[in-house]
Amino acid sequence: MSDAPTKDKTKPPSNVPVDYTPPKVWTWTKESGGRFASINRPVSGPTHEKALPVGRHPMQLYSLATPNGVKVTVMLEELLAVGQVGAEYDAWLIKINKGDQFGSGFVDINPNSKIPALVDRSGSKPIRVFESGAILLYLAEKFGVFLPTDGARAECLSWLFWQMGSAPYLGGGFGHFYAYAPFKIEYAIDRYAMEVKRQLDVLERRLGKAEFLAGKDYTIADMAVWPWYGILVKGMIYESGEFLQVQYYKNIQRWADTIEARPAVKRGRMVNATWGEPSQQLPERHNASDFELKTQDKVDEAVE
Ligand SMILES: N[C@@H](CCC(=O)N[C@@H](CS)C(=O)NCC(=O)O)C(=O)O
């Protein structure tokens, strides 16, 4: 690329720490530091016995309103909005900073110990589904909506799986080193800022050609990508809007505005939220009326 910066090969790189040599064998001797360090372990499996609660609806969701969690609550709310009553759900809160994802009941439904996880109890035997992409696909196939059946199906699946492969560079890479690591490492921030800007450019070009990711219709691909990249271009994640100059991604901005305005998206992003405006937090959702009656501001008012 003609506008790429040129490297002065006569000087050592200025963005590489010099005083660390990895040992021969990595061992888990200390916490790595940084936000969320206390929940990181090099092994899987449960740390304690704890059964999961079960509500009365066909779908039981165990989650938290992070971008990966929001994908599924948006989908469930969208399904209900188009009249799919079989998508009625109880959303239970999994506090990942308290280690709820390592309880035996949660590990039974997701051996990977990460939210979101869904149990479909509508049939004779409960069916567990984990990984947000798998959950979106499972629900779209079960209810026959938000997944095109024509040529756009391949496009939809391509963008859905693009999100699964790309977002870890945004969250685990850029977000971790820019916002959560205990100190700033220029090399790591440069590497992941470069990749995230490249990903944004991929989306920008696609959304310059099509209204939604799969084409003319809103699909599970948009539901998967929006909670990460739609929120990112609005400067609402990692406080990185200025750093990444997100205002220049006009097509993504337009697409994000369209999605954000959907009533089901407004509801979905409130479910299992335990931060932000109290009126926008619905830590658990068991009824459609909970959005009116059980948001955190109402709960706080009742206690006073
Ligand atoms: N690929 C997974 C990622 C899920 C994920 O990373 N969940 C995070 C919250 S956004 C989590 O549960 N973290 C808890 C932990 O790592 O212990 C998906 O899309 O469902």
| query | Using Cα atoms only, what is the angle between the long axis of helix 186-209 and the major principal axis of the chain, expressed in degrees (0 to 90) to the nearest 10? | reply | 60
| query | Using a Gaussian network model of the chain with C-alpha springs under 10 Å, which one of L136, L170, L64 is most mobile by mean-square fluctuation? | reply | L170
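What translational diffusion coefficient, in µm²/s and rounded to a whole number, does the Stokes-Einstein relation yield for region 172-244 at 20 °C and a viscosity of 1.002 mPa s, taking the hydrodynamic radius as the Kirkwood radius over Cα pairs? Can you show the working numbers first?
On the way: Rh = 13.3 Å.
Translational diffusion coefficient: 162 µm²/s.
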| request: Calculate I(q)/I(0) for the chain by the Debye formula, one identical point scatterer on each C-alpha and no solvent, and give its log10 at q = 0.06 Å⁻¹ to two decimals. | output: -0.23
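What is the gain in length, in nm to one decimal, between F36 and T6 on full extension, counting 0.36 nm per residue of separation less the C-alpha to C-alpha distance?
Numbers: separation 30, 0.36 × 30 = 10.80 nm, distance 3.67 nm.
Between F36 and T6, full extension yields an extra 7.1 nm.
Can you sort Y178, Y187 from fewest to most other Cβ atoms within 10 Å of each residue's own Cβ? Please report the intermediate quantities before stating the final value.
Details: Y178 20, Y187 13.
Least to most surrounded, the residues fall as Y187, Y178.
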| query | Would you list M59, M236 from fewest to most Cβ contacts within 10 Å? | reply | M236, M59
| query | For region 160-304, with equal point scatterers placed on the C-alpha atoms only and solvent neglected, what are the log10 I(q)/I(0) values from the Debye formula at q = 0.10, 0.14, 0.15, 0.22 1/Å, to two decimals? | reply | -0.41, -0.76, -0.84, -1.30
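With a 10 Å radius around each residue's Cβ, average the other Cβ atoms per peptide and rank 194-204, 67-77, 122-132, highest first. Each step should come with its number before you reach the end.
Numbers: 194-204: 17.3, 67-77: 25.8, 122-132: 14.5.
So the peptides 194-204, 67-77, 122-132, ranked by packing, come out 67-77, 194-204, 122-132.
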| Relative contact order, percent, region 100-163 [alpha-carbon distance under 8 Å, six or more residues apart] | 18
| task | Sum up the charges of everything whose Cβ sits under 9 Å from the Cβ of H286, counting Lys and Arg as +1 and Asp and Glu as -1, but leave H286 out. | result | 0
| note | Taking r as the C-beta separation of M236 and S104 and R0 as 25 Å, the FRET efficiency to the nearest 0.05 is 0.10
| query | Counting other C-beta atoms within 10 Å, which of R121, R205 has the fewest, and how do the rest follow? | reply | R205, R121
| Over the chain, what is the relative contact order in whole percent, taking alpha-carbon pairs under 8 Å and six or more residues apart? | 20
| Share of pairwise Cα separations in region 76-185, more than 20 Å, in percent | 56
| request: Post the alpha-carbon centroid distance, region 224-247 to region 182-220, in whole angstrom. | output: 9
| query | Relative to the longest principal axis of the chain, what angle (0 to 90°, nearest 10) does the C-alpha long axis of helix 132-143 take? | reply | 30
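FYI, it's all coordinate maths here, none of it is from the lab. Quantities reported herein were computed from a predicted structural model and do not represent experimental measurements. A quick note on method: Cβ atoms are made from the backbone with ideal geometry, for glycine too, and the neighbour counts reach across all protein chains shown.
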